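Single-structure report; data block below.
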Amino acid sequence: MAPPGRRRHSLSPAAILLGLTFLFAHTASAASAVLGVDLGTEYIKAALVKPGVPLDIVLTKDSKRKEASAVAFKPLKSGPLPAGEYPERFYGSDAVALAGRFPGDVYPNLKQLLGISSADDIVRTFNGRYPALKTEALEGRDTVALRSGVFAEEEKSFSVEELLAMELKNVKENAKNMAGKGSDVTDVVFTVPPFYTVEERRALEVAAQLAGLRVLSTVSDGLAVALNYATGRTFPVVSDGAKPEINLIFDMGAGSASATVVKFQGRTVKDVGKRNKTVQEVQVLGVGWDKTLGGDALNNIIVDHMVSEFTEDALVHSAGITAEKVKTHGRTAAKLWKEAERVRQVLSANTATQSFFESFYDEKDFVYKISRAVFEPLASDYAARVEVPIKTALEAAGLTFDDIDSLIVHGGASRTPFVQQRLEALVGKSKIKANVNSDEAAVFGAAFKAASLSPSFRVKEIRTTDLQGYNHGIKYMFNMKDLDQKIFTPSTKIGATKDLPFQMMGEFEFDLYQAVPGAQGAVNKPNVLNFKSGNLTRAVTKMIDTDGCDRDSFNNYVQVRLSPVTGTPEITSAWVTCETIDESKGGIVDGVKNFFGMGDKKDQEPLKDGESASESSSSTSSSKASKSSKGSKSSSAAAAEASEDATPKKKLISSPITFTVTQKGYEKHPRKEFKRMQDRLTAFDDSDKSRRLREEVLNSLEAFTYKSRDYLEDESFITASTADARSTLEKKLNDISDWIYSDGPDASQSVLKAKLKELEDIVKPVLKRKSEAVERPEAIKSFESNLGDVKTAIGMVKTQIDEQNVALSKSSEAASKASEASTETPSPSSDPLDDLDEDASSSSESSAAPEATEVAIMYTDEDLKVAEESAAKATKWLEEKQAAQGKLKEHEDPVLTIKDLKAETEKLNQVLMNIMMKKMAHLNYPKSGKSKSSSGNKKKTTPPKKDKKAKSGAKSDGPTQEELDEALEKAGLKKEGIKLQSGGPKGGPKEILDKDGKLLTQLELGEDATEEEIIAAIKKTTEQGRQKLEEEKKEKEKGGQTTSIRDEL
């Protein structure tokens, strides 16, 4: 039950939509790739989903689609590493390849050791397979740790989580390389066997955290395969009465086998608004497993057969070599297991195979032959175990083989011939489906799950249900008795919650356990959580004293949930409840008072400051008056109502309980210890990075050495160098070549860089002189071309200045003549006082003297002087440098360098740019208009009224600034700082200026333009002016001015 008193508020569709809009807007920019990882016993497979990129397998560094589950440390020849240094690491097939040489430093198949006790039978089996590895209990914990011989004894051993984190980091790095630069990979979904316990799931999560990964969820192997099967299909809609599809998924990998019964169906559900939608559902109904039935178990059969064949040889037997000695020899055992894996895979496709071991053991060679006819009888016990997990899963789901529509097979070991035969015998050959990728279906399903959980992706909606596989219960003490209560069953869905009721008045605690079947039918119940209440006593006391709760009415509730992320149990909340009288409904006394008109409890409360009695009772009086106007009730009815109201009512109140939860079994790592493991992993990463950089420098040194030898025979190099320099270089090359093959492999990065620099100091100056000699002619040609352009531009400037001077002279002469020709003729006036009228026109009629025509100045004498000086200076510089360069020999450093030529060429380009900019400014300069026409002197007259189509600029002296501003405001441009200047037809607006007062464009208008036409023209012309300025700006940014100058010239 939900905590009483807590209302569940539902959001409106609009609020939900708004929240989702914000969520997607926030996450879109931070969208990152997500990863699905199929963590197998023998191999790790990963699939990546990136925005805009379809789901795909993450390739290993050698472009394989799966990586062997192994990490290795390469030991030094000199012995254990000193403190603070770390060995080179290898992953996947590279690590497995080292097992024959360094079996004690290759760590494969770590998945089976996650979260288990160091005394577990699985650890003993692991030690038997890998005799060279040293397992021990992790310091301060009971989990498994492995000690490496690469480090000194003082170095702490490695936890399984730490070693697995290295493999996961390698997978993450491969995924980041595949995702591309700038992409991040942090979110992951793992596949796990259905039998994984709480301890194993917690250990996997710790390994992921150490690798810098965030676990979005874990899915069982069977559900992952089912998800992949469902992504491209639609299923019968049960809402329409259709029958769901039920399939059985059998997954047999290297370490174990499992069977999962899955129901596939479609369902019509409510969508946004009033619409419906159909979603696909994938539900796990039952699971079964065999923890030791897998490829490794079959490999072990072949290993035992190999050892038996070898030790039965007469020479081997006479040498005292026993099977125990062979199996416990690290290098020999590594060879055996590697070859046994190959032999089993060959026998799945062929009827016979053989192997040859050179110096197999004690310098003795060994030839091994085996056929499928020999192998299958040896594995007969395992063949009989194939059907056990299948029948267990069907029994858990309450189904039979007849209910199964098809069997989906997954896992490498499932391809073994006798396994295929057993499956066909159980369900029939026609029901076995071969349309699912038996190697990659699980990893694709995990990646699809990751994408569906990430807000960065929108995928097909498939709702899944998984099972946790074990019984869970709690153990606690009540009334001096030990009680055991079951809370979850193997068929409980992951994500389910349960409210556990208690009747405690004081602090209490309980242990939550997981029931795990053991050997010979025994059931182990390891505790996984401990719950302790924190404030129950105080909460109960307060509820009795303050709320008036009855002691017999108290109940406590603790809510437990199977985490939807990891499937492990977790405590989500706790609260205490009790019953008390609901005073808001009124008691017996209040009912009697109301009956006699004395008012309820609220009416008798004291008035607040500033509140009058009439105000506080106004609404009540009004209500009563309204009721009395309709008629009064009979006294008997009122008494009955008062009696009903007087019945006491109870309400349920609740209070939260604080609590602490402690992990049991696989306990949480102390923060200090977790930080120590993180720091060691970081130190490994830094060491690897430093090693890669050192190798890059070593490769560069080797390559430079080979290339430098070729230089000694190159004619152009010989010409640009002296004999002494070549002799020194040859000696250095010989010394460094010998050093590379002796001390080079162990040299530090700084020493390698120093050796490389010794060679570069000799070679690079010669190469520079060589390149200068080759590129100099073309650079000089470019310089001279630009110098010629400047000189041509100077000639153009001189011509323009001459033309300007002629134009100025003519304009001045014309103005002078016009001034002398102007006359003034008096006119009679009827009133001698008219001349005193300030508003009247002048009493005399005159011909206004015409103004001189304005001449625009493009260039000044100063512009010409600057250009001529720049050209002269550049000419002199080139002549001096060429003269000095001509005196030098080819092996001497140049004085006329490419760098200097480019810098001087750029200076000439700037001179050209300045000349062109002035010309462009002149082309945009407004043409000078005619002088204003003379106006006759007239008497004062009343101005005519404006009609509806009043022309802009109706006044003879043009519009006022206020009128121009009004036109801009109507055009919507006043706030942008745009300005208008008059000078158009009849004094109307002509020029449009930007906010800095610079000319934006010319406004073209006819004499009869209306106000609406003027406003429209202002808008259109302003936009054209902006576009023109933008085009000129882009042209400047492209550096196109030089080309346009040359075209102009």
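Could you list all residues from segment 293-312 that are touching a Phe, Trp or Tyr at 6+ places or on another chain (Cβ under 9 Å) and either loosely packed, with under 14 Cβ neighbours inside 10 Å or part of a helix (DSSP H, G or I) (or both)?
Hits for segment 293-312 are ASP296, ALA297, LEU298, ASN299, ASN300, ILE301, ILE302, VAL303, HIS305, MET306, GLU309, PHE310.
Assess whether THR278 counts as being more than 25 Å from LEU114 (Cβ to Cβ), over 46 Å from the mean Cα position of the chain (by Cα) and surrounded by fewer than 22 Cβ atoms within 10 Å (Cβ to Cβ).
So THR278 does not fit the description; no.
Does segment 407-417 contain any residue that is charged (D, E, K, R), more than 21 Å from VAL343 (Cα to Cα) and outside any strand (DSSP E or B)?
No: segment 407-417 contains no residue that is charged (D, E, K, R), more than 21 Å from VAL343 (Cα to Cα) and outside any strand (DSSP E or B).
Looking at segment 432-455, which of its residues are touching a helix residue (DSSP H, G or I) at 6+ places or on another chain (Cβ under 9 Å), assigned to a helix (DSSP H, G or I) and not small (Gly, Ala, Ser)?
VAL443, PHE444, PHE448, LYS449
Could you tell me how many of the residues in segment 454-469 are modelled with pLDDT under 95 and surrounded by 15 or more Cβ atoms within 10 Å (Cβ to Cβ)?
Matching residues across segment 454-469 total 6.
Taking the condition crowded, with 20+ Cβ neighbours inside 10 Å, out of contact with any Cys (no Cβ under 6 Å at 6 or more places or on another chain), of a type in the set (D, E, K, R) and assigned to a helix (DSSP H, G or I), does GLU162 pass?
So GLU162 passes the test.
Taking the options ARG709, ARG692, ARG726, name whichever one is under 30 Å from PRO87 (Cα atoms) and either among the small types (Gly, Ala, Ser) or part of a helix (DSSP H, G or I) (or both).
Answer to the selection: ARG692.
If I filter segment 154-168 for residues that are under 16 Å from PHE90 (Cβ atoms), out of contact with any His (no Cβ under 6 Å at 6 or more places or on another chain), touching a residue at least 12 places away in the same chain (Cβ under 8 Å) and of a type in the set (Ser, Thr, Tyr), do I get at least one hit?
The answer is no, given that none of the residues of segment 154-168 is under 16 Å from PHE90 (Cβ atoms), out of contact with any His (no Cβ under 6 Å at 6 or more places or on another chain), touching a residue at least 12 places away in the same chain (Cβ under 8 Å) and of a type in the set (Ser, Thr, Tyr).
Please go through (1) among the polar types (S, T, N, Q); (2) free of Cβ contacts under 8 Å to residues at least 24 places away in the same chain; (3) in a strand (DSSP E or B) for GLN514 and return the number of the only condition it doesn't satisfy.
The single condition GLN514 does not satisfy is (2).
I need a count of the residues in segment 490-511 that are outside any strand (DSSP E or B) and under 21 Å from SER573 (Cα atoms).
10
Going through segment 734-751 one residue at a time, which ones are of a type in the set (A, V, I, L, M) and either closer than 21 Å to ASP710 by Cα or not assigned by TED's automatic domain parsing to the domain that holds LEU698 (or both)?
Result: ILE736, ILE740.
Please determine, by comparing only the residues of segment 59-93 that are among the acidic types (Asp, Glu) and modelled with pLDDT under 95, which one is farthest from LEU133 (Cα to Cα).
ASP62
Could you tell me whether segment 498-510 includes any residue that is in contact with a Leu (Cβ under 9 Å, 6 or more places away or on another chain), crowded, with 16+ Cβ neighbours inside 10 Å, more than 30 Å from ASP552 (Cα to Cα) and not acidic (Asp, Glu)?
For segment 498-510, residues in contact with a Leu (Cβ under 9 Å, 6 or more places away or on another chain), crowded, with 16+ Cβ neighbours inside 10 Å, more than 30 Å from ASP552 (Cα to Cα) and not acidic (Asp, Glu): absent.
Find the residue count for segment 417-432, including only residues that are within 14 Å of ILE249 (Cβ to Cβ) and of a type in the set (D, E, K, R).
1
If I go through segment 470-482 residue by residue, how many of them are assigned to a strand (DSSP E or B) and either surrounded by 12 or more Cβ atoms within 10 Å (Cβ to Cβ) or of a type in the set (Ser, Thr, Tyr) (or both)?
Residues flagged as assigned to a strand (DSSP E or B) and either surrounded by 12 or more Cβ atoms within 10 Å (Cβ to Cβ) or of a type in the set (Ser, Thr, Tyr) (or both) within segment 470-482 amount to 7.
Which of the following residues is touching a residue at least 40 places away in the same chain (Cβ under 8 Å) and in a loop (DSSP other than H, G, I, E, B): SER721, SER811, SER782?
SER721
Taking the condition of being of a type outside the set (Phe, Trp, Tyr) and in contact with a helix residue (DSSP H, G or I) (Cβ under 7 Å, 6 or more places away or on another chain), how many residues in segment 456-510 meet it?
Total satisfying the criteria: 12.
Condition test on THR722, is it within 20 Å of ALA208 (Cα to Cα) and of a type in the set (Ser, Thr, Tyr)?
Taking the combined requirement at face value, the residue does not satisfy it.
Quick one: what pairs do we get from segment 480-493, first residue modelled with pLDDT of 95 or more, second of a type in the set (Ser, Thr, Tyr) and in a strand (DSSP E or B), C-beta under 6 Å, 6+ apart or different chains?
Listed pairs, sorted by first residue: LYS493/THR465.
The values are calculated or read from the model by the stated rules, or taken from the named source; none is laboratory data. Small disclaimer: the values here were computed from a predicted structure and weren't measured. All Cβ positions, even for glycine, are placed from backbone atoms using ideal geometry, and neighbour counts span all protein chains on display.
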